[in-house]
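Worksheet for the structure shown next.
The values are calculated or read from the model by the stated rules, or taken from the named source; none is laboratory data. The structure presented is a predicted model; accordingly, all values stated were derived computationally and were not measured. Here the Cβ is made from the backbone with ideal geometry for all residues, glycine too, and neighbour counts use every protein chain on show.
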Amino acid sequence: MAEQPYGNVPLFRELTAEDMGDLEATEIESLCFNCQEQGMTRLLLTKIPFFREIVVMSFSCSHCGHSNNDIQPAGRIQQKGCRISVQIKTRKDFNRQVVKADTASLRIPELEFEVPCGSQKGSFTTVEGVISRAIEGLEQEQPIRKAMYPEVAAQIDEFITKLKNLEPPFHLILDDPAGNSFIENPNAPETDPDMTINMYVRTRDQNKGLGLAVEEETDAVHEEEEAEGEGQGEGEEPAEASDSSEPTNVTDEVLEFAVTCSNCNMPTKSRMKLVKIPYFKEVILMASNCDSCGYKDSEVKSGAGIEPKGRRITLKMTDSAMDLNRDVLKSDTSRFLIPDLNFELMMGTLGGKFTTLEGLLTDVRNQLMRPYSMVQGQDSAPQGSGTKLKEFIDKIDEIISGDLLVSVVLDDPAGNCYIQNVYAPDKDPELTVEEYERSEEQNDDLGILNMKTENYREDEAS
């Protein structure tokens, strides 16, 4: 077994050209199901840029030559599921990288073809590899079908021919309730006009399928509590609260609780404090500093919940020294856009942050440096694939240094974004704040029940 690095080295490391020689795979002897001899399984823990941690597994048998590859998401099940739809227009799109978790289903609507969740192991491949893997799965039992069910085998052979001759354009839809699947955006950091990503709230059945607790258990607890309350006599008074339960002023305290470091998975502590932003609302600041690897992280959550309307804030930069020092609240439901550079940071990326405009731009730059450093060392990377990222990073550096003035936009369907008005309480001439009604799709993304649909269901029931 290969010796694993410990100490301050993160458990999940990115595949970069600089660190490639330092990465070591864990080797484990395991049984080969093909010849029943002992083979070798190699495990590599790594990160995918713009995505999250995965475990890459590779098995090979020196006795019979059998090999197998698999991936498993190493992160937690995400708060929401993801549905990714991409239009394959040219043969070049067959090279898009795809992470398909074993909890994800795959569909090609034009062929009425679907790979159900759980029917395949997780894989890290390309669009072409996904189609090839589907063909291999259909061909696997064909000899038996031809002997027992010749008509069914003939239909499957006809469908396999369609898959082998599949040509653009067509759609590929990846639906993962766990939120751990991914399709590459070749236009990064710009938006991909041919790809749509929808985050949705899982149904009760999907939560059951993932092994998560469902509301029925919570309802049962409530029923037991209500039964206990009804069991008390009419003249009985509820037990008095102890003196130790006196209310405290949360805004004056910094709360601490145990968490796991997202960088090295070691136990650490997170600190939380309630802060009032002038001319805005209360927010919850959360920060953690890992003693094991030195990783620092901070996040902000709104303390007021979801607002009745969405909010879109546009800042036109005119004075770099003043504008870069403006306070900015980017919630985890906010999009961050730079229209002059055709750049969009999607909802959920970078999490929630309470920082300055310069700090937010610096975080965006650091996020983009990870895939750029990886592309630089890849001989198989498409020519010029890192040029676009490098040019965009240079533009971000110009904005941070004050040499380039642009407009920036925060768009939050939950209404919890904020850019400081330096002229408060007077109106800021360079700041535009718009409120808008959320669409049904945005309500779904936020987990808000559509009232029209609910009223319709009540009318149907009555």
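Laid out as a table, the results:
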| item | result |
| --- | --- |
| Residue satisfying condition, being assigned by TED's automatic domain parsing to the domain that holds GLN87, part of a helix (DSSP H, G or I), among the acidic types (Asp, Glu) and touching a residue at least 24 places away in the same chain (Cβ under 8 Å), within set GLU136, GLU128 | GLU128 |
| Yes/no for GLN120 being modelled with pLDDT under 90 and surrounded by fewer than 17 Cβ atoms within 10 Å (Cβ to Cβ) | no |
| Filter result (assigned to a loop (DSSP other than H, G, I, E, B), surrounded by fewer than 12 Cβ atoms within 10 Å (Cβ to Cβ) and at pLDDT 65 or above) within segment 1-57 | PHE33, GLN36 |
| Residue check, PHE343 within 23 Å of LYS80 (Cα to Cα) and crowded, with 19+ Cβ neighbours inside 10 Å | no |
| Some residue of segment 66-81 being at negative phi, assigned to a loop (DSSP other than H, G, I, E, B) and modelled with pLDDT of 90 or more | no |
| Tally of residues being under 25 Å from the mean Cα position of the chain (by Cα) and polar (S, T, N, Q) across segment 59-70 | 1 |
| Residue match in segment 58-65 (condition: surrounded by 18 or more Cβ atoms within 10 Å (Cβ to Cβ) and either among the basic types (Lys, Arg) or modelled with pLDDT under 85 (or both)) | no |
| Unique residue being assigned by TED's automatic domain parsing to the domain that holds PRO425 and free of Cβ contacts under 8 Å to residues at least 24 places away in the same chain when the list is ASP332, ASP319, ASP340 | ASP319 |
| Cβ pairs under 6 Å, 6+ apart, first in segment 429-440 and over 12 Å from LEU315 (Cα atoms) and assigned by TED's automatic domain parsing to the domain that holds MET317, second of a type in the set (Gly, Ala, Ser) and modelled with pLDDT under 95 | TYR436/GLY310; ARG438/GLY310 |
| Within segment 273-291, considering residues that are modelled with pLDDT of 80 or more and part of a loop (DSSP other than H, G, I, E, B), the one farthest from ALA424 (Cα to Cα) | ASP291 |
| Hey, LEU166 modelled with pLDDT of 80 or more, assigned to a strand (DSSP E or B), assigned by TED's automatic domain parsing to the domain that holds VAL115 and in contact with a Leu (Cβ under 8 Å, 6 or more places away or on another chain) or not | no |
| Total residues in segment 98-116, condition at pLDDT 85 or above and part of a loop (DSSP other than H, G, I, E, B) | 4 |
| Selection from segment 147-156 of residues that are surrounded by fewer than 15 Cβ atoms within 10 Å (Cβ to Cβ) and assigned to a helix (DSSP H, G or I) | ALA147, MET148, PRO150, GLU151, VAL152, ALA154, GLN155 |
| Index of the failed condition, LYS92 passing every other in (1) in the same structural domain as GLY179 (by TED's automatic domain parsing); (2) surrounded by fewer than 17 Cβ atoms within 10 Å (Cβ to Cβ); (3) of a type in the set (D, E, K, R); (4) in a strand (DSSP E or B) | (4) |
| Residue match in segment 173-192 (condition: exposed (fewer than 13 other Cβ atoms within 10 Å of the Cβ) and either of a type in the set (A, V, I, L, M) or not assigned by TED's automatic domain parsing to the domain that holds LEU361 (or both)) | no |
| Unmet criterion (only one of (1) farther than 18 Å from LEU410 by Cβ; (2) at pLDDT below 80; (3) touching a strand residue (DSSP E or B) at 6+ places or on another chain (Cβ under 7 Å)) for ALA304 | (1) |
